[in-house]
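For reference, the structure is listed below as structure tokens.
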Amino acid sequence: MIVAVECSFAVPGKMLRTVTLLLFLLLVSTFCLPALSRACPDISASDASQRMVTLGNAIRYHNRLYYEKAQPVISDAEYDRLFAALVRLEECFPALVAADSPTKRVGGVAGVGSRKVPHERPMLSLSSTGGPEAVAALLKRIAAFGEVSLLVQPKVDGLPVELIYDAGRLVSASTRGDGSFGEEVTERVREIRGIPHILSGTYPDRVVVRGEVYANLPLLQNHRVVTAAEKYATPRHLAAGVLQAQKPDPAALAALRLFPFGLVTGASVGGGLRSDRAALQLLSEWGFPVVFEQIHTVRTFAEVRAVYLAYLANRDQQPFAMDGIVVKVDDLSLRQQLGEGGRAPFWAAAWKFPPESALTQVRDVRWMVGRTGRRTPIAELVPVRLAGVQVSRVSLQNAAEVARLNIAAGDQVVVALVGDVIPQILEVVGRADRNPDAGAATTQIPEAALDACLHDSPVCRNQFLARVAYFVSKSGLDIAGLGKKRLQKLVEAGLVVDLPSLFLLKAEQVATLPGFGTERARRLTVAIRAAGHLDSFRFVAALGIPGVGPKTVPRLARQFASLDALLVAGQERLTALSAADSRAANTIRSFFNSPGGQELLVKFREQGLLRTATPLQSR
């Protein structure tokens, strides 16, 4: 995470316990993040001021954990949402912006007890909400200057440092700190391989270089380094923690490297430099580890996007952790014209990767049938790893999402973990050669009958099992001792062929199956018989009819004396219900008017399993 802001936060008492902290974060996330739309939130100035104070304190607190302690408790994406929420409020209520707002400052404070070192020039950051919009805004700013060359480099996730050389010798190294002063780390930096102690070639009297100290990922595979790194949340925090530690682990220190990204030019150097690329070339000649294959010259948004996608697809192949790309104006004189803000330069932008994202290919798009007959579109993917988990299948939710993505087999897609948990396809970035109508075919929802798979059959086995499992679960009849594995044995043995056949089971039949035995079979059949003689609305709830939720059925039970009363009610009675209850009532009627629903109801009545009058009470 490149963004840094001032790090101070008043924590009540001596220590904020973990549980209290998590509750605090939950409250902030729930109540303090306005919608990030372009429209300003519809709140009073007083409410806005209170939110801004709360968000500012939260951001300072997280900066303190992130920059000073290298012990974050929230993800970069969660931090970015906090920061973006504060930025949006400040845009909407400029008169309320605090002078010490974290949006006006960069970095954390210099380490407590460490020597503070002033920077040659303010050491700025990039916007925490970097994305395609930030790149588009940069291109818009430079449009008036004609065709402008841009440099694109990896956005390395490490610790920014400033190195100062006098007469070619390294005399000072410091972290970014608050952007004006940083923590002095000279002796530790001298131990990082690849950072020259003495410059090569011809150089001016004073040279100031900036770069990112990062943990070399291939070296982290070393067992000793892995052991040393276990206490750090990410490679970035390993780099920060080791560099700022009083007594760093030698194995972890040996894994640190430098990614040089800028030359702060003095008068003797600036006169001869015209571009950032020339400055990077000069750094290479002086002995810095500049990798020119990671420097890309572009001019258009499409070219920037191509580089972005290439790094997104190959981020696991890089020797460093990276969370996006940096786009910079190459011309140094144009940079001076564009200027800088209090936090970030106006001549650069970041395009960050989605949290825990990867590029992969769609193998197939198909429809999965659930227990209720509902069809859900599923994308089968070439497996990728996200946050240590292999992802090979992603739900596309519904036909509208399939149509929005216009997705088909062979497409290249960006898949990410939403909320750090659920895989989701964010966009299609490359389309396979296909018939123009191929994508449209996948948006057609297969006909889903309400009474689908109420009987066991070879083509319905999995869905039928799911239906029966729900029927006997806590959401249904709550029959103890009848889990899905035991149900499967009963179905495969032909003892359960539909829902009514459950209540015809005999203990001696069940006892012959593996894993049951005489006593277990007896207890199971007793439990099943005890669940019989159902209230008719409990029966409806246990069926799990699509569109009829567990909270809706009790409300209908209070409106109608029995299921029969609902089934014969006139349309005017149904329209008098709430919209949700009316829809559910009509769905129930449709279910029991279907052939499968009618047969089911008849069998339950013939077996004496249904009561007719008492309304269902909420449990």
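The values are calculated or read from the model by the stated rules, or taken from the named source; none is laboratory data. Not measured: the values here are computed from a predicted model. Glycine also receives a Cβ, built like all others from the backbone with ideal geometry; neighbour counts cover every protein chain displayed.
Residue count for segment 452-479 satisfying the condition of being under 20 Å from Ala531 (Cα atoms) and of a type in the set (S, T, N, Q): 2. Kindly indicate whether any position in segment 551-571 is over 27 Å from Phe503 (Cα atoms), in contact (Cβ under 8 Å) with a residue 24 or more places away in the chain and out of contact with any helix residue (DSSP H, G or I) (no Cβ under 9 Å at 6 or more places or on another chain). Within segment 551-571, one or more residues are over 27 Å from Phe503 (Cα atoms), in contact (Cβ under 8 Å) with a residue 24 or more places away in the chain and out of contact with any helix residue (DSSP H, G or I) (no Cβ under 9 Å at 6 or more places or on another chain). When each of Phe320, Phe288 is tested for being more than 25 Å from the chain's Cα centre (by Cα) and within 29 Å of Val207 (Cβ to Cβ), the lone residue that passes is Phe288.
Do the conditions hold for Ala542, that is, is it touching a Pro at 6+ places or on another chain (Cβ under 6 Å), part of a helix (DSSP H, G or I) and of a type outside the set (S, T, N, Q)? No: the conditions fail for Ala542.
Between Val362, Val329, the distinction of being crowded, with 20+ Cβ neighbours inside 10 Å, over 27 Å from the mean Cα position of the chain (by Cα) and modelled with pLDDT of 85 or more belongs to Val329 only. Candidates in segment 280-297 are the residues that are surrounded by 15 or more Cβ atoms within 10 Å (Cβ to Cβ) and in contact with a Ser or Thr (Cβ under 7 Å, 6 or more places away or on another chain); of these, the one that is nearest to Pro196 (Cα to Cα) is Gly287. A search for C-beta distances below 6 Å between a residue of segment 305-317 that is under 12 Å from Gln412 (Cβ atoms) and hydroxyl-bearing (Ser, Thr, Tyr) and any residue that is part of a helix (DSSP H, G or I) and modelled with pLDDT of 90 or more, counting only pairs 6+ apart in sequence or on different chains, returns nothing.
Consider Leu567 carefully, then state whether it is surrounded by 15 or more Cβ atoms within 10 Å (Cβ to Cβ) and more than 27 Å from Leu482 (Cβ to Cβ). Against the criterion (surrounded by 15 or more Cβ atoms within 10 Å (Cβ to Cβ) and more than 27 Å from Leu482 (Cβ to Cβ)), Leu567 qualifies.
Considered as a group, the residues in segment 142-156 that are exposed (fewer than 15 other Cβ atoms within 10 Å of the Cβ) and in a helix (DSSP H, G or I) include one that is nearest to the chain's Cα centre (by Cα), and that residue is Ala143. Confirm whether Val369 is of a type in the set (A, V, I, L, M) and modelled with pLDDT of 85 or more. Spelling it out, it is not the case that Val369 is of a type in the set (A, V, I, L, M) and modelled with pLDDT of 85 or more.
Is it the case that segment 196-204 has a residue that's of a type outside the set (Lys, Arg), assigned to a loop (DSSP other than H, G, I, E, B) and within 35 Å of the chain's Cα centre (by Cα)? The answer is no, given that none of the residues of segment 196-204 is of a type outside the set (Lys, Arg), assigned to a loop (DSSP other than H, G, I, E, B) and within 35 Å of the chain's Cα centre (by Cα). Considering the conditions (1) modelled with pLDDT under 85; (2) touching a Phe, Trp or Tyr at 6+ places or on another chain (Cβ under 7 Å), Leu219 is excluded by exactly one of them, (2). Taken over segment 27-79, residues that are modelled with pLDDT of 75 or more, within 28 Å of Asp157 (Cβ to Cβ) and assigned to a loop (DSSP other than H, G, I, E, B) amount to 0.
I'd like the full set of residues that are at pLDDT 90 or above and of a type outside the set (A, V, I, L, M), limited to segment 515-535. Answer for segment 515-535, where residues must be at pLDDT 90 or above and of a type outside the set (A, V, I, L, M): Thr518, Glu519, Arg520, Arg522, Arg523, Thr525.
Being touching a Leu at 6+ places or on another chain (Cβ under 7 Å) and at pLDDT below 80, is that true of even one residue in segment 259-269? Taking every residue of segment 259-269 in turn, at least one turns out to be touching a Leu at 6+ places or on another chain (Cβ under 7 Å) and at pLDDT below 80.
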